[in-house]
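Quick notes on the structure that follows.
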Amino acid sequence: MLLDGEAWTSRVQGFTREAWRLETLPVYRVPGEDGDIRDFMAGRRLDPESYSSAYTEGLRRIKSAGKSKGRVHIVRRPLTDYLRFEFMYYDVHARAGDDIRILDVTDRPNPLDGVQDFWLFDRSEVVLMNYDADGTQTSRELYDGDPAPYVEYQRIALMESMPFREYVNGGHRA
């Protein structure tokens, strides 16, 4: 079952305990980000101390409700311009409560090689994120099988990764 519109929004907003994502791509082509990426490449940066948006406010509400939202992004250095741009947002999103972790596979085998992007909601519902080779999202697909392999992928990703801030402060700057 493909998820768009309200069906997708109800998943992202309707979880009861945890929403978690695995990100595997070095570039995501997101409609509407082109101007922000141009600004970033021109040297404009967000102030992580004062930046606020509907998304960061939503993260704060999730955290205050006792829920969690998190992700692990698999990366390889040197980081793409897109990942450097995304890291700027990761900084403000982590400050707002998003548990963002980085799994750097530059100098080691990828423990999740071949696993595609996905969301895991409450460790019971999986949505597969489908992309073209250039990072353009083609669909979101509700997985109707056993979620256990995806719970295991999450466990591996969390075990093999490090918190975002630790990653960027540990000499792996964008």
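Laboratory data are not the source of any read-out in this text; all were calculated from the coordinates shown. Computed from a predicted model, the values in this text were never measured in an experiment. FYI the Cβ positions are ideal-geometry reconstructions off the backbone, even for glycines, and counts take in every protein chain you see.
Extension gain, Asp146 to Leu46: 0.36 nm times the residue separation minus the Cα-Cα distance gives 31.9 nm. Helices in the chain that qualify as membrane-span-like (whole DSSP H runs, Cα extent of at least 20 Å along the helix axis, mean Kyte-Doolittle hydropathy of -1.0 or higher) are 81-95. Note on region 1-110: with charges restricted to the Cβ of Lys and Arg (+1) and Asp and Glu (-1), its dipole about the Cα centre is near 380 debye. Annotation: amide H-H contacts under 5 Å for Ile100 (H modelled 1.01 Å from N, sequence separation of 5 or more, or interchain): Arg71, Phe164. Once the chain from Glu166 to Arg29 is taken as fully extended at 0.36 nm per residue, the excess over their C-alpha distance is 46.7 nm. Under conditions of 20 °C and 1.002 mPa s, the chain yields 127 µm² s⁻¹ as its translational diffusion coefficient, taking Rh as the Kirkwood radius over Cα pairs in the Stokes-Einstein equation.
Among bridges DSSP assigns within region 5-169, what percent are antiparallel (round to 5)? Bridges in region 5-169 that DSSP calls antiparallel: roughly 55 percent.
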